[in-house]
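Q: Can you keep this structure in mind? I'll have questions shortly.
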Amino acid sequence: GASGGHHNQGAAWSCRMNTPCQGGTYDGSDGAEVPFTSQVYDGTVDPDVHQYGYVDRWQAGGSKGEWTTIDYRIELNTPGVADGRLIGWVNGVKAFDREGYLFRDKDHAHQGVRCWRWHYYFGGSWGSPSDNKLYARNFSVWADESVPEM
């Protein structure tokens, strides 16, 4: 697979959204109460340089105790061409947009999204010092050309 510091270049990819904590991958410098990042393993990641894939900070985060609408869109690349894209919106405002991902190489052009899962965990060596809760509602997954415009 492509997670946890393991990399299967060209044959597997992974995109995830994170809410990093202070003391972990987030230094608190921008004051976001609940910061958002994207973590991506794709065919261009050099595991010697990016052991845990590409980790990019979003331009907006959320606030504790308030509902936050998050839209997360993955556009698969043309097989063999690093033109994949990841876009994220927070409360209807674009907060992340990056192109240039290689999710599928030419040898794995037939692979699209074979598995989709949603989970929330507090991982890494900087585990939470307290109990946390996450509430989700109005959850939708789109996997074709009928994806609504944001």
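Q: Restricting attention to the stretch 88-105, and to residues there that are of a type in the set (Gly, Ala, Ser), in a strand (DSSP E or B) and at pLDDT below 95, which single residue is surrounded by the fewest Cβ atoms within 10 Å (Cβ to Cβ)?
A: Looking only at the stretch 88-105, we keep the residues that are of a type in the set (Gly, Ala, Ser), and these are 88, 92, 95, 100.
Imposing the further condition that a residue be in a strand (DSSP E or B) reduces the set to 88, 95, 100.
Filter once more, keeping what is at pLDDT below 95: 88, 95.
Values: 88: 24, 95: 18.
The residue in question is 95.
Q: Could you list, in sequence order, all residues of the stretch 68-90 that are within 19 Å of residue 20 (Cα to Cα) and without any contact (Cβ under 8 Å) to a residue 60 or more places away in the chain? Working first, answer last.
A: Restricting attention to the stretch 68-90, the residues satisfying the condition of being within 19 Å of residue 20 (Cα to Cα) are 68-72, 86-90.
Selection gives 68, 69, 70, 72, 90.
Q: If you don't mind, another one. Quick one: is residue 138 polar (S, T, N, Q), more than 17 Å from residue 18 (Cα to Cα), part of a loop (DSSP other than H, G, I, E, B) and modelled with pLDDT of 90 or more?
A: Details: polar (S, T, N, Q): yes; more than 17 Å from residue 18 (Cα to Cα): yes; part of a loop (DSSP other than H, G, I, E, B): yes; modelled with pLDDT of 90 or more: no.
For residue 138, the condition - polar (S, T, N, Q), more than 17 Å from residue 18 (Cα to Cα), part of a loop (DSSP other than H, G, I, E, B) and modelled with pLDDT of 90 or more - is not met.
Q: Mind listing just one residue for me: the one in the stretch 20-37 that is among the polar types (S, T, N, Q) and surrounded by fewer than 19 Cβ atoms within 10 Å (Cβ to Cβ) and, of those, modelled with the highest pLDDT? Explain how you work it out, then say what you get.
A: So the first thing to find is which residues in the stretch 20-37 are among the polar types (S, T, N, Q), and the list is 22, 25, 29, 37.
From what's left, surrounded by fewer than 19 Cβ atoms within 10 Å (Cβ to Cβ): 22, 25, 29.
Numbers: 22: 55, 25: 54, 29: 64.
Checked the stretch 20-37; the qualifying residue modelled with the highest pLDDT is 29.
Q: Name the single residue that is nearest to residue 143 (Cα to Cα) among those in the stretch 38-87 being surrounded by fewer than 15 Cβ atoms within 10 Å (Cβ to Cβ) and of a type in the set (Gly, Ala, Ser).
A: So, considering only residues that are surrounded by fewer than 15 Cβ atoms within 10 Å (Cβ to Cβ) and of a type in the set (Gly, Ala, Ser), the one nearest to residue 143 (Cα to Cα) is 63.
The values are calculated or read from the model by the stated rules, or taken from the named source; none is laboratory data. In this text, all values refer to a predicted model and were calculated from it rather than measured experimentally. Positions of Cβ are generated from backbone atoms using ideal geometry, with glycine treated the same way; all protein chains shown enter the neighbour counts.
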